[in-house]
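Visitor: Here's a structure for you.
The values are calculated or read from the model by the stated rules, or taken from the named source; none is laboratory data. For clarity, every value in this text was computed on a predicted model and none was experimentally measured. Here the Cβ positions follow ideal geometry from the backbone for every residue, glycine too, while neighbour counts run over all protein chains shown.
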């Protein structure tokens, strides 16, 4: 169940937007929390906002991971299946079959990366841009 951000004043809402950006840029959770407390939010509001922002960030990583997982499986199946099918059809291994197998390995890489993102979504501490948006 998603965590809701409590109703806030316009000034506090600006601080929440700034906090979201700071987390996306890789700022530490402690510094973002201090910034929110210094911006006039109560301890309860700060805790609620931090929980919501961290869950939002984890959901973003999970969605990227699921995308990579699905695309990777499709590419791997097409690459390996095409390579094996080409060899069976022609009766020998050619350059084209080798290229398809390389594509299959790239699909396996995407699948592994997607699985990693799904399983470790809430644990990543760096900037969002370091994750893997190619």
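Visitor: Regarding the stretch 92-103, can at least one residue be identified that is modelled with pLDDT of 90 or more and outside any loop (DSSP other than H, G, I, E, B)? Before the answer, list the steps.
Guide: First, pick out the residues of the stretch 92-103 that are modelled with pLDDT of 90 or more: 102-103.
Okay, now just the ones that are also outside any loop (DSSP other than H, G, I, E, B), so 102-103.
Scanning the stretch 92-103, I find at least one residue that is modelled with pLDDT of 90 or more and outside any loop (DSSP other than H, G, I, E, B), so the answer is yes.
Visitor: Something else about it: For the stretch 68-98: of the residues being more than 16 Å from residue 110 (Cβ to Cβ) and surrounded by 15 or more Cβ atoms within 10 Å (Cβ to Cβ), which is farthest from the chain's Cα centre (by Cα)?
Guide: 87
Visitor: Only residues that are without any contact (Cβ under 8 Å) to a residue 60 or more places away in the chain, in contact with a helix residue (DSSP H, G or I) (Cβ under 7 Å, 6 or more places away or on another chain) and under 22 Å from residue 120 (Cα atoms): list them for the stretch 40-66, please.
Guide: Those that are without any contact (Cβ under 8 Å) to a residue 60 or more places away in the chain, in contact with a helix residue (DSSP H, G or I) (Cβ under 7 Å, 6 or more places away or on another chain) and under 22 Å from residue 120 (Cα atoms): 49, 50, 53, 62, 65, 66.
Visitor: Where residues in the stretch 37-55 are within 25 Å of the chain's Cα centre (by Cα) and more than 24 Å from residue 119 (Cβ to Cβ), which of them is surrounded by the fewest Cβ atoms within 10 Å (Cβ to Cβ)?
Guide: Of the stretch 37-55, the ones within 25 Å of the chain's Cα centre (by Cα) are 46-55.
Filter again for more than 24 Å from residue 119 (Cβ to Cβ), leaving 46-49.
Numbers: 46: 23, 47: 14, 48: 17, 49: 24.
Here the residue is 47.
Visitor: Find the residue count for the stretch 11-36, including only residues that are more than 22 Å from the chain's Cα centre (by Cα) and surrounded by 15 or more Cβ atoms within 10 Å (Cβ to Cβ).
Guide: Of the residues in that region, 5 qualify.
Visitor: Quick check: anything in the stretch 104-116 surrounded by fewer than 16 Cβ atoms within 10 Å (Cβ to Cβ), over 24 Å from the mean Cα position of the chain (by Cα) and either in contact (Cβ under 8 Å) with a residue 24 or more places away in the chain or not in a loop (DSSP other than H, G, I, E, B) (or both)?
Guide: no
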